[in-house]
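Readers should treat all values here as calculations from the given coordinates under stated rules, not as data from a laboratory. Being a predicted model, the structure only gives us computed values, none of them experimental. Glycine gets a Cβ as well: all are built from the backbone with ideal geometry, and neighbour counts include every protein chain shown.
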Amino acid sequence: MFISDPFLYGTKLVAILFGGIGVIANNISLGEFVVSFTFVDQLVTEIGQLFEQALTGKRLEASVECIQSVMGKESAKFGSADFSGDIESIQFKDVRFSYSPESDPVLNNLSMDFPIGKKIAIVGSSGSGKSTIAQLLLRMYSPEKGEISINGTPVNCYGKQYSDKVSVVFQQPHFIPTTIKENLTFDKEYDQLDIENACKEMLCHDFIMGFPSQYETQVGERGAALSGGQKQRLALSRAILKNTEVLILDEATSALDTETEFRVQKNIDKLRKGKTTIIIAHRLSTIQNADIIYVLDKGNVVAQGTHERLMDECPVYKELYAFHAVS
Ligand SMILES: Nc1ncnc2c1ncn2[C@@H]1O[C@H](COP(=O)(O)OP(=O)(O)OP(=O)(O)O)[C@@H](O)[C@H]1O
Ligand SMILES: [Mg+2]
């Protein structure tokens, strides 16, 4: 049931009650009542739809990492197929996707295999569709054609169990206006020691301890009290603490200086060893050691392989590498 439904039905009920009383008391004619009720009906339906659109927009805008943890529930469009085992395969097959029916497809017949337990990188120029792939995997959107399957079953057939297995850190992480600790744990219980260890690995324990209230510090509205790099490191700590089967990092270290990024990435590699980690990055230094690198161009995979192989065989990759090495 939509949140706006009680408002919708409540308003209609009040209109019927007052209208009915008016007709019985001969204050208004039956015709006037029908016209007035039709008007009220249309008005509240419009308001209800506006309300729903605002909520849907907000949902897409907001970071899934927040939504997953804070709300802990999903839209009803997903199925309820049992997912008690582990993720054993992740495949995109001939996936086509556009953000709107009028626009050109962002992804066109895209096929990709994400090897389980490996470090997988997706690189490509800006607008090539990297974040779109992440969002499809997180079920923020559904493909127009083709299939995204997990263990051979379309991803949308699974319920919340799937979401609990996949987490993401976006470039601009979102925070709720509460303490650092609550933003790290949300509704889950963790040992303080585990929280601190995750923060030490992601190089944020020291700056947290530098605040007068330490882990109880209020982060402010949308994390306003934190710098971009601090927010990214906190969001990474949150993901490390959550330790899901699949972790997607979409430009998640972009606000860090090169040395800090290198140290954080090294610790992520250590902590995620044997677990599936999908990294989207512009600075190719962070993904050079990936088990497999996908090179994306205009919504399609133009090459795949290790860094060494791509440097030998893929001019697009070589160009990206040269550009980011210089910049
Ligand atoms: N919410 C959206 N609505 C409409 N078009 C979008 C939306 N998000 C992305 N696009 C378009 O889809 C294309 C792919 O965008 P995407 O964000 O996947 O690229 P990207 O490879 O992640 O780029 P970047 O490296 O700049 O982050 C772009 O042309 C972009 O303008
Ligand atoms: Mg992107």
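Values as computed for the structure displayed
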quantity: By average C-beta atoms within 10 angstrom, highest first, the peptides 173-179, 280-286; calculated: 280-286, 173-179
quantity: Theoretical FRET efficiency, 1/(1+(r/R0)^6), r = Cβ-Cβ of S227 and A25, R0 45 Å, to 0.05; calculated: 0.10
quantity: Stretch gain in nm, segment S100-Q172, where the contour uses 0.36 nm per residue and the Cα spacing is subtracted; calculated: 23.5 nm
quantity: Whether segment 223-268 is rounded, prolate or oblate, judged on the alpha carbon gyration tensor where a/c under 1.5 counts as rounded; calculated: oblate
quantity: Check: segment 108-155 dipole with +1 on Lys, Arg Cβ and -1 on Asp, Glu Cβ, in debye; calculated: 180 debye
quantity: Tensor-based shape of segment 90-326 (alpha-carbon gyration tensor, a/c under 1.5 rounded, otherwise prolate or oblate); calculated: prolate
quantity: For segment 90-326: relative contact order, % (alpha-carbon pairs under 8 angstrom, 6 or more apart); calculated: 28 percent
quantity: FRET efficiency for Q161 and E189, using Cβ-Cβ distance with R0 set to 25 Å, rounded to 0.05; calculated: 0.80
quantity: Debye, to nearest 20: dipole size of segment 90-326, +1 on Lys, Arg Cβ, -1 on Asp, Glu Cβ; calculated: 260 debye
quantity: Chain lengthening between M311 and K145 when straightened (0.36 nm per residue, less Cα-Cα); calculated: 56.5 nm
quantity: T179/K318 FRET efficiency (R0 41 Å; Cβ-Cβ; nearest 0.05); calculated: 0.30
